[in-house]
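A short worksheet on the structure shown next.
The values are calculated or read from the model by the stated rules, or taken from the named source; none is laboratory data. It should be emphasised that the depicted structure is a prediction, and the values quoted were computed from it without experimental measurement. Here the Cβ positions follow ideal geometry from the backbone for every residue, glycine too, while neighbour counts run over all protein chains shown. Accessible surface areas use protein heavy atoms only, side chains included; no ligands, DNA or RNA. Shrake-Rupley method; radii C 1.70, N 1.55, O 1.52, S 1.80 Å.
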Amino acid sequence: MVESAHKDAIRFFFAHGRRLAIFRWLEFRLCLQNPDTKSIRYSDDKKQQTLRQYLLAWEQKSLSDQPVLTGFSLLLLFMALLGAGSMASALNYTQTRPINIWIPLIIFAFGPMLMTLFSAFFSLRTSSPHALKHHPWLQLFIKRFRLNRYTAFQPLMLRWLVWQIQSLSLVFLIGALVAFFALATFQDYVFGWSSTLIKDDATMAQVMAVVTWPWHWWVTVPDINTIQLSRFMMNAQPGVFDDDGWWQTLVLSVVFYGMVPRLLLMLWLQWRYSTALKRNILLAGDIDQFMSIQVHRASQNAITDSLPSERIETIPLKALAGSLIGWHFQDSSLTFVRHLGVASWQEDEAWLKSGDAQSLLNKTLVADGMTTPTGELADSIALLNGDLSLAIVFTELSEVRQAIQIKSWQYFAQQHQLNLKVVNE
Amino acid sequence: MITPVFAVVGHPNKGKSSIVATLTRQDAVCISEISGTTTQSQAFELVIEGQTYYSLIDTPGFQRPRQVLEWLVQHNPNAAERRSTLEFFIRDQQQQPTARFPDELELLTPITQGAGIIYVVDGSLPYSAEFEAEMTILQWTGQPRMALINPIGGEAYVSQWQSALSQYFSVVRVFDPMTADLQKQTTVLSAFAELHEPWRVDIDKTITVIQQHSKNLLSKGAMIVVESLMQMFSFTAKNKLIESSIQAVVQEKLKFEYQQRLREVELNMQRQLQSLFAHLNMQSKTEALEINTPDLFDHDQWYLYGLDRQKIIALATSAGAAAGLVIDAGVGGASLMAGALAGGLLSGAASLAATWKPEKLKIKGIPIAGKTLTIGPLTDLTFAFVLLGRAIDYLSMIQQRTHADRRVAELKSYSMNDRLKCLSKTEQIRLTRLLQRTHKGLNEAEQCQLRDWIVSLIQQHSA
């Protein structure tokens with residue numbers, strides 16, 4: 001049951017997708033760490049609500065848009081165009097001569113694969129405390145998109161950034177492929193190969209057999225014949241080419257060596273980032289802090305009057321004089337006109353209204369200090385018209401406890417405009 | 001899940017509001033030493049992560065129990081009708097323009113709506129007959145009921161109360177809301193379960209949830225401490241020294257800035273812990289943090305345009321090599337790149353010499369380089385343990401504090417040595433090594449390790 005609330009929190013922060021989740025969460029944390037916004041109640045409803053309802057109320061009042069995502073989307077568009085432009089250049093740079101297959105393979109397949117490996121290596125370093133030092137271009141990215149306020153959450157931010165960066169590379173390759181298909185549909189491109197070091201066609205065939213191994217079951221791969229016929233040399237006139245299979249090799253190399261590793265890395269980094277973010281939500285105390293503030297309730301209509309500051313007169317027992325009326329008083333050392341509070345209220349009320357009570361002069365209500373003044377005492381006082389003072393007697397009570405009891409009696413005496421004395425036995 | 005509801009009732013000033021505050025973890029329940037502070041019934045829930053587990057209704061004390069009992073007796077035909085008579089009493093009072101018994105109306109209404117009864121008495125004051133009218137009225141409700149003896153000023157009369165209360169209540173417990181730890185709180189909650197069988201399963205679940213939640217809070221509190229320590233340890237402040245004669249002044253300024261920042265982070269940590277443990281109204285008094293450690297300062301060099309010495313030498317070397325390359329190109333490569341090599345070496349050596357004493361580099365009297373005075377990060381191990389100790393003391397104090405305790409919280413400092421003895425030698429060494437590198441930042445695993453040690457230091461020391 002305890003865990004389900006945090007799962008609700010995770011669902012809330014991930015409601016708009018993984019990409020936005022971190023910003024929603026970090027904005028929430030920053031809000032709670034800011035002394036000015038920390039204690040805001042996000043719901044006026046006096047009834048207790050669920051965590052999700054409080055979070056929704058917070059979202060409506062506090063969450064702002066993230067400009068970094070707009071900038072990032074523009075960057076993606078730029079990378080897609082760059083990829084398309086690069087492919088177009090690679091296809092058209094030779095004009096009428098055959099395109100050396102090595103060039104697009106290196107630019108769009110093997111090169112990206114190598115970059116993916118580097119990226120994977122550096123991604124592992126994001127868990128290091130000095131992570132930002134290993135990514136100078138990330139520092140630039142953070143500065144450019146004003147992510148500095150999330151510096152305190154650097155490890156989490158870096159995981160998100162490293163994940164997002166992969167999409168730039170992927171979009172570059174997608175742009176390249178789209179450009180290839182767009183151009184190849186309306187133009188005839190001839191692919192060949194050329195090499196100074198590989199003299200033997202059989203060697204090239206072996207190399208291609210290795211390169212095309214992942215898809216050789218279902219797509220035509222360049223065989224020895226195609227390799228022989230598609231070789232071209234510098235300063236030699238182009239002959240009759242049979243480049244059957246080269247374009248498929250190019251496309252599938254881009255997919256298998258360029259896109260698939262990058263996609264796998266991206267998925268792995270996405271999982272790493274999501275796991276880290278969920279763990280942060282579960283382990284950080286921010287949800288609990290937030291709920292404490294939201295469910296915090298104060299007493300309504302409670303008395304908050306301060307105590308009077310006058311000193312209370314202390315008198316000896318012998319000084320008690322006049323008509324003494326006892327209240328919940330068990331001690332028989334004093335002679336009382338009447339003991340109130342020990343019999344039934346009806347009997348007390350009858351006496352209080354009687355002529356005996358009304359004719360008393362110099363009345364002193366003597367109460368056991370260990371009791372608490374109540375409404376019944378107030379009713380009795382109201383019925384005892386005339387000059388009345390209040391005296392409290394303590395027996396068998398520590399000084400500390402006496403001091404606490406006196407406060408209640410002092411407040412009561414103030415409310416009923418009575419002269420209070422403490423009897424010192 | 002059924003949400004059990006209990007009305008906390010009793011004579012005025014017996015600690016009802018304190019009990020409600022402690023058991024619902026609400027520190028805004030109004031508590032005062034003046035009797036009659038609570039004037040209306042109000043429900044407070046124990047809410048953990050958005051889920052309500054039970055509700056305690058804080059009520060005003062009985063003010064006219066004898067009168068109310070006499071009213072009930074006068075209007076009651078027989079013992080079987082007591083509950084109906086009580087309900088009639090409430091309807092009668094509600095219909096009057098000014099209720100004659102407003103306090104009894106407030107406290108009895110939730111009971112007749114199904115709340116269980118928790119009757120609170122003060123164990124430091126003797127039992128007397130004035131309480132019998134209250135207990136008799138509660139008997140008339142027919143609701144499940146238990147009694148809590150709150151030893152406000154001591155336990156002098158607890159046994160006397162136990163003897164008297166057991167005649168009216170099936171369950172009697174002693175409970176001090178000011179000092180009750182988690183175990184005592186859950187013991188009282190177990191007693192709630194005994195009151196009414198349909199509530200047993202839910203209350204048992206609640207006890208499990210509370211125990212787990214308490215562990216989670218301590219763990220999360222420790223993580224807040226870890227994050228704050230990382231901020232404090234890694235913080236640096238810098239200031240350029242234009243003239244060496246003002247170094248002492250700059251040093252004082254930096255020290256002040258550093259101290260202020262550490263205090264801010266510490267205060268923020270304390271605020272977060274207060275929120276985490278729901279002590280939102282707590283006032284605390286802690287000794288201000290003082291920085292008195294040696295070797296906090298470091299000297300570095302600054303140059304115009306924010307460069308440092310390494311970058312200047314690197315730039316000069318590159319520029320010299322580029323110039324040499326031009327010469328190499330001019331001779332058609334016959335120099336075999338000697339021009340670039342020589343140019344780079346010469347420029348590098350020249351910039352090395354020039355930047356040897358940066359404070360002497362001036363243009364028309366304006367310094368273009370000099371020293372930078374840096375304070376932090378924190379590498380002094382003794383002070384690191386001081387900060388850790390302060391944080392742990394605070395976390396330990398706030399974790400044990402009940403929500404009825406409204407005194408200004410004063411930090412009890414325990415020697416870190418005493419705390420560290422709870423860890424094995426190996427763990428002490430590992431903790432020390434971890435603290436030594438905290439100023440460089442900790443990865444997630446290291447943060448969790450430090451958090452776990454903090455939890456151990458608190459739990460084992462308390463045990």
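Within the stretch B:116-134, can you find the residues that are surrounded by 20 or more Cβ atoms within 10 Å (Cβ to Cβ), closer than 22 Å to B:LEU195 by Cα and not hydrophobic (A, V, I, L, M, F, W, C)?
B:GLY116, B:TYR119, B:ASP122, B:GLY123, B:GLU134
Kindly establish whether B:THR379 is within 28 Å of A:LEU124 (Cβ to Cβ), open to solvent by 70 Å² or more (accessible area, probe 1.4 Å), out of contact with any Gly (no Cβ under 7 Å at 6 or more places or on another chain) and more than 14 Å from every other protein chain (Cβ to nearest Cβ).
Working: within 28 Å of A:LEU124 (Cβ to Cβ): yes; open to solvent by 70 Å² or more (accessible area, probe 1.4 Å): yes; out of contact with any Gly (no Cβ under 7 Å at 6 or more places or on another chain): yes; more than 14 Å from every other protein chain (Cβ to nearest Cβ): yes.
Spelling it out, B:THR379 is indeed within 28 Å of A:LEU124 (Cβ to Cβ), open to solvent by 70 Å² or more (accessible area, probe 1.4 Å), out of contact with any Gly (no Cβ under 7 Å at 6 or more places or on another chain) and more than 14 Å from every other protein chain (Cβ to nearest Cβ).
Determine if the stretch A:337-344 includes at least one residue that is surrounded by 18 or more Cβ atoms within 10 Å (Cβ to Cβ) and within 60 Å of the chain's Cα centre (by Cα).
Checking the stretch A:337-344: at least one residue is surrounded by 18 or more Cβ atoms within 10 Å (Cβ to Cβ) and within 60 Å of the chain's Cα centre (by Cα).
Considering only residues that are closer than 24 Å to B:PHE131 by Cα and more than 9 Å from every other protein chain (Cβ to nearest Cβ), look in the stretch B:39-61 and name the one that is nearest to the chain's Cα centre (by Cα).
The first filter runs over the stretch B:39-61 and keeps only residues closer than 24 Å to B:PHE131 by Cα, leaving B:39-42, B:56-61.
Then keep just the ones that are more than 9 Å from every other protein chain (Cβ to nearest Cβ); that gives B:41, B:56-57, B:59-60.
On the way: B:SER41: 29, B:LEU56: 24, B:ILE57: 26, B:THR59: 29, B:PRO60: 31 Å.
Once the filter is applied, the top-ranked residue is B:LEU56.
Has the stretch B:267-287 got at least one residue that is among the charged types (D, E, K, R) and at the interface with chain A (Cβ under 10 Å from one of its Cβ atoms)? Give the steps one after another, and end with the answer.
Narrowing the stretch B:267-287 to residues among the charged types (D, E, K, R): B:271, B:285, B:287.
Then keep just the ones that are at the interface with chain A (Cβ under 10 Å from one of its Cβ atoms); that gives B:271.
Yes, because at least one residue in the stretch B:267-287 is among the charged types (D, E, K, R) and at the interface with chain A (Cβ under 10 Å from one of its Cβ atoms).
So B:TRP199 passes all but one of these: (1) within 14 Å of chain A (Cβ to nearest Cβ); (2) touching a strand residue (DSSP E or B) at 6+ places or on another chain (Cβ under 9 Å); (3) of a type in the set (Phe, Trp, Tyr). Which condition number does it fail?
If we test B:TRP199 against (1) within 14 Å of chain A (Cβ to nearest Cβ); (2) touching a strand residue (DSSP E or B) at 6+ places or on another chain (Cβ under 9 Å); (3) of a type in the set (Phe, Trp, Tyr), just (1) comes out false.
Kindly establish whether B:GLY142 is of a type in the set (Gly, Ala, Ser) and either within 13 Å of another protein chain (Cβ to nearest Cβ) or surrounded by 16 or more Cβ atoms within 10 Å (Cβ to Cβ) (or both). Walk me through it before giving the result.
Details: of a type in the set (Gly, Ala, Ser): yes; either within 13 Å of another protein chain (Cβ to nearest Cβ) or surrounded by 16 or more Cβ atoms within 10 Å (Cβ to Cβ) (or both): no.
Against the criterion (of a type in the set (Gly, Ala, Ser) and either within 13 Å of another protein chain (Cβ to nearest Cβ) or surrounded by 16 or more Cβ atoms within 10 Å (Cβ to Cβ) (or both)), B:GLY142 does not qualify.
Scan the stretch A:320-335 for residues that are surrounded by 13 or more Cβ atoms within 10 Å (Cβ to Cβ), away from every other protein chain (no Cβ under 14 Å) and modelled with pLDDT under 80 and report the count.
Adding up the residues that qualify gives 1.
Would you mind stating whether B:LYS253 is open to solvent by less than 30 Å² (accessible area, probe 1.4 Å) and free of Cβ contacts under 8 Å to residues at least 60 places away in the same chain?
Numbers: open to solvent by less than 30 Å² (accessible area, probe 1.4 Å): no; free of Cβ contacts under 8 Å to residues at least 60 places away in the same chain: yes.
So B:LYS253 does not fit the description; no.
With the requirement that a residue be touching a residue at least 60 places away in the same chain (Cβ under 8 Å) and in a helix (DSSP H, G or I), what does the stretch B:256-296 give you?
B:GLU257, B:TYR258, B:LEU262, B:GLU266, B:MET269, B:GLN270, B:LEU273, B:GLN274
Considering only the stretch B:21-33, how many residues are within 7 Å of chain A (Cβ to nearest Cβ) and surrounded by 24 or more Cβ atoms within 10 Å (Cβ to Cβ)?
Residues that pass the stated criteria total 2.
Since B:GLY36 meets every condition but one in (1) facing another protein chain (nearest Cβ under 9 Å); (2) farther than 22 Å from B:VAL121 by Cβ, which condition does it not meet?
(2)
Of the residues B:ALA404, B:ALA369, B:ALA350, which single one is over 21 Å from B:ILE224 (Cβ atoms) and modelled with pLDDT of 90 or more?
Numbers: B:ALA369 fails: modelled with pLDDT of 90 or more; B:ALA350 fails: modelled with pLDDT of 90 or more.
So the residue among B:ALA404, B:ALA369, B:ALA350 that is over 21 Å from B:ILE224 (Cβ atoms) and modelled with pLDDT of 90 or more is B:ALA404.
Looking only at residues that are open to solvent by less than 30 Å² (accessible area, probe 1.4 Å) and more than 10 Å from chain B (Cβ to nearest Cβ) in the stretch A:405-425, which one is nearest to B:HIS11 (Cα to Cα)?
Applying the filter and picking the extreme gives A:ALA413.
Going through the stretch B:85-98 one residue at a time, which ones are surrounded by fewer than 11 Cβ atoms within 10 Å (Cβ to Cβ) and more than 46 Å from the chain's Cα centre (by Cα)?
Correct list: B:GLN95, B:PRO97.
A:MET370 passes all but one of (1) over 60 Å from the mean Cα position of the chain (by Cα); (2) in a loop (DSSP other than H, G, I, E, B); (3) within 11 Å of another protein chain (Cβ to nearest Cβ); which number fails?
The single condition A:MET370 does not satisfy is (1).
Can you run down the residue pairs with Cβ atoms below 8 Å, 6 or more apart or on separate chains, where the first is in the stretch A:146-163 and on the phi > 0 side of the Ramachandran plot and open to solvent by 20 Å² or more (accessible area, probe 1.4 Å) and the partner is part of a helix (DSSP H, G or I) and modelled with pLDDT under 80?
The qualifying pairs are A:ARG146/A:PRO67; A:ARG146/A:VAL68.
Would you mention how many residues in the stretch A:349-367 are surrounded by fewer than 17 Cβ atoms within 10 Å (Cβ to Cβ) and away from every other protein chain (no Cβ under 14 Å)? Write out each step before concluding.
Narrowing the stretch A:349-367 to residues surrounded by fewer than 17 Cβ atoms within 10 Å (Cβ to Cβ): A:350, A:353-356, A:358-359, A:361-362.
Now narrow it down to the ones that are away from every other protein chain (no Cβ under 14 Å): A:353-356, A:358-359, A:361-362.
Going through the stretch A:349-367 one residue at a time, the tally reaches 8.
Going by what's in this entry, would B:ASP418 be described as open to solvent by 60 Å² or more (accessible area, probe 1.4 Å), within 23 Å of the chain's Cα centre (by Cα) and at pLDDT below 85? Please lay out each step first, then the result.
Values: open to solvent by 60 Å² or more (accessible area, probe 1.4 Å): yes; within 23 Å of the chain's Cα centre (by Cα): yes; at pLDDT below 85: yes.
Against the criterion (open to solvent by 60 Å² or more (accessible area, probe 1.4 Å), within 23 Å of the chain's Cα centre (by Cα) and at pLDDT below 85), B:ASP418 qualifies.
For residues that are touching a residue at least 60 places away in the same chain (Cβ under 8 Å) and either of a type in the set (Phe, Trp, Tyr) or crowded, with 16+ Cβ neighbours inside 10 Å (or both), tally how many sit in the stretch B:203-213.
Step one: list which residues in the stretch B:203-213 are touching a residue at least 60 places away in the same chain (Cβ under 8 Å), which gives B:203, B:205-206, B:209-210, B:213.
Applying the additional criterion that residues be either of a type in the set (Phe, Trp, Tyr) or crowded, with 16+ Cβ neighbours inside 10 Å (or both) yields B:203, B:206, B:209-210, B:213.
Residues in the stretch B:203-213 being touching a residue at least 60 places away in the same chain (Cβ under 8 Å) and either of a type in the set (Phe, Trp, Tyr) or crowded, with 16+ Cβ neighbours inside 10 Å (or both): 5 in total.
Check B:ARG64, B:ARG82 and return the single one that is away from chain A (no Cβ under 14 Å), crowded, with 17+ Cβ neighbours inside 10 Å and touching a residue at least 12 places away in the same chain (Cβ under 8 Å).
On the way: B:ARG64 fails: away from chain A (no Cβ under 14 Å).
Within the list B:ARG64, B:ARG82, the selection yields B:ARG82.
Filter the stretch A:373-396 for residues that are in contact with a helix residue (DSSP H, G or I) (Cβ under 7 Å, 6 or more places away or on another chain) and within 8 Å of another protein chain (Cβ to nearest Cβ); which is nearest to A:LEU340 (Cα to Cα)?
Going through the qualifying residues, I end up with A:GLU376.
What do you reckon, is A:ALA284 within 11 Å of another protein chain (Cβ to nearest Cβ) and in contact (Cβ under 8 Å) with a residue 40 or more places away in the chain? Walk me through it before giving the result.
Values: within 11 Å of another protein chain (Cβ to nearest Cβ): yes; in contact (Cβ under 8 Å) with a residue 40 or more places away in the chain: yes.
Yes, satisfied.
Among residues belonging to the stretch B:159-184 that are within 14 Å of chain A (Cβ to nearest Cβ) and more than 20 Å from B:ARG406 (Cα to Cα), point out the one that is surrounded by the fewest Cβ atoms within 10 Å (Cβ to Cβ).
B:GLN160
Does B:GLY153 meet the test of being buried (at least 17 other Cβ atoms within 10 Å of the Cβ), within 14 Å of chain A (Cβ to nearest Cβ) and modelled with pLDDT of 95 or more? Spell out how you get there, then give the answer.
Working: buried (at least 17 other Cβ atoms within 10 Å of the Cβ): yes; within 14 Å of chain A (Cβ to nearest Cβ): yes; modelled with pLDDT of 95 or more: no.
No: the conditions fail for B:GLY153.
Have a look at B:ASP122, B:ASP103, B:ASP92 and point out the one that is without any contact (Cβ under 8 Å) to a residue 12 or more places away in the chain, acidic (Asp, Glu) and at negative phi. Break it down into steps so the answer makes sense when it comes.
On the way: B:ASP122 fails: without any contact (Cβ under 8 Å) to a residue 12 or more places away in the chain; B:ASP103 fails: without any contact (Cβ under 8 Å) to a residue 12 or more places away in the chain.
None of the others qualify; the one that does is B:ASP92.
In this structure, does A:ALA302 turn out to be assigned to a loop (DSSP other than H, G, I, E, B), within 7 Å of chain B (Cβ to nearest Cβ), modelled with pLDDT under 90 and surrounded by 17 or more Cβ atoms within 10 Å (Cβ to Cβ)?
Details: assigned to a loop (DSSP other than H, G, I, E, B): yes; within 7 Å of chain B (Cβ to nearest Cβ): yes; modelled with pLDDT under 90: yes; surrounded by 17 or more Cβ atoms within 10 Å (Cβ to Cβ): yes.
Judged against the criteria, A:ALA302 is a match.
Could you grab me the full set of residues in the stretch A:42-61 that are modelled with pLDDT of 75 or more and either under 18 Å from A:MET157 (Cβ atoms) or touching a helix residue (DSSP H, G or I) at 6+ places or on another chain (Cβ under 8 Å) (or both)? So that I can check it myself, show each step before the final result.
From the stretch A:42-61, those modelled with pLDDT of 75 or more are A:49-61; that's our starting set.
Of everything in the stretch A:42-61, those that are modelled with pLDDT of 75 or more and either under 18 Å from A:MET157 (Cβ atoms) or touching a helix residue (DSSP H, G or I) at 6+ places or on another chain (Cβ under 8 Å) (or both) turn out to be A:GLN49, A:THR50, A:LEU51, A:ARG52, A:TYR54, A:LEU55, A:LEU56, A:TRP58, A:GLU59.
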